[in-house]
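See below for the structure under consideration.
The values are calculated or read from the model by the stated rules, or taken from the named source; none is laboratory data. Everything quoted here is computed from the prediction, not taken from an experiment. Ideal geometry is used to build each Cβ from the backbone, glycine not excepted, and the neighbour counts take in all protein chains shown. These accessible areas exclude ligands, DNA and RNA; they are computed on the full protein's heavy atoms, side chains included. Shrake-Rupley method; radii C 1.70, N 1.55, O 1.52, S 1.80 Å.
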Amino acid sequence: MEIGWNIPTTVKTNSIKFTVSFTMHDVATKWKDVATFQWEPFGENNQVPIGTVTGTVHFPKGVTASNSWTWLHTEQTSETGRTKDGSFTFTVNDVKSGEYLDVVAAFDAAKAGDMARVETDDHLQELKEDEADDERFWRNLERQRATRRLNNWMTTISAGLIFGIIGVVAALRSSGRSRYRGSIEYWRDRPELSPHRRPNSSIS
């Protein structure tokens, strides 16, 4: 789904706020044990920096935090929570262009009612395992990124220290070479008049 709009050239402002509302039908799948759905409000092809994103996922009546499960996939820092009626809330900060957001949810199939897409197998345990694998993969990826950043910082700091030491040593050597290291000698030419003898004088 793609939403487009035209902004009049006469609008003079630093920012414009858009409120978009829509309803999706037949997006969930009913399994033997749970009903599941995955929602991607925006993907990696998103070209617009969004900033802060907030959302609320409402479940059918009778679904609470005890008989529903949710996961949020995003690269940015986020906060999640549950309301009194069991709704799932999320906030994602500093969303830039090219970043994605996925919401995955499951709830008790007995609360789902009739659905267009139905599967006869259980699915909750498989879903939990897949999400756990995704979380481990993401944490390992973040750990590798952090390790690379730390190595880059250490390399930069080490290079700076090495060049600094080399500079200090070179300055000390240059200062040492500029100093006179021979013996101290002093001499002067003999004066034309001795301080102990008066010059000859004639009286006429």
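Per residue, the accessible area of region 1-137 comes to 70 Å² when a 1.4 Å probe rolls over the protein heavy atoms.
Database remark: amide H of residue 122 closer than 5 angstrom to the amide H of 32 (H placed geometrically; neighbours at sequence offset of 5 or more, or on other chains; Pro and chain starts carry no H).
Restricting the calculation to Cα atoms, every distinct pair contributes to the Kirkwood radius of region 1-152, found to be 17.9 Å. Taken along the Cα-to-beta-carbon direction at a fixed 7 Å, the label points for residue 33 and residue 56 span 3.1 nm. I'd like to know which of 158, 113, 147 lies farthest towards the positive end of the charge dipole of region 91-165, counting +1 on Cβ of Lys and Arg and -1 on Cβ of Asp and Glu. Going by the charge dipole, the pick is 158. Taking only protein heavy atoms and a 1.4 Å probe, the accessible area of region 67-148 is 44% carbon and sulfur. Cross-link candidates for residue 128: which lysines have Cα within less than 28 Å, leaving aside residues fewer than 8 places away along the same chain? Here the lysines satisfying the reach criterion relative to residue 128 are 30, 32, 61, 84, 111.
Charge tally for residue 156 (other residues, Cβ to Cβ under 14 Å; Lys, Arg +1; Asp, Glu -1): +2.
Considering only C-alpha atoms, what is the centroid distance from region 85-118 to region 40-79, in Å? Cα centroid of region 85-118 versus Cα centroid of region 40-79: 6 Å apart.
In nm, what is the difference between 0.36 nm times the number of residues separating residue 14 and residue 75 and their Cα-Cα distance? Write out the running numbers ahead of the final one.
On the way: separation 61, 0.36 × 61 = 21.96 nm, distance 2.67 nm.
Stretched fully, the residue 14-residue 75 segment lengthens by 19.3 nm.
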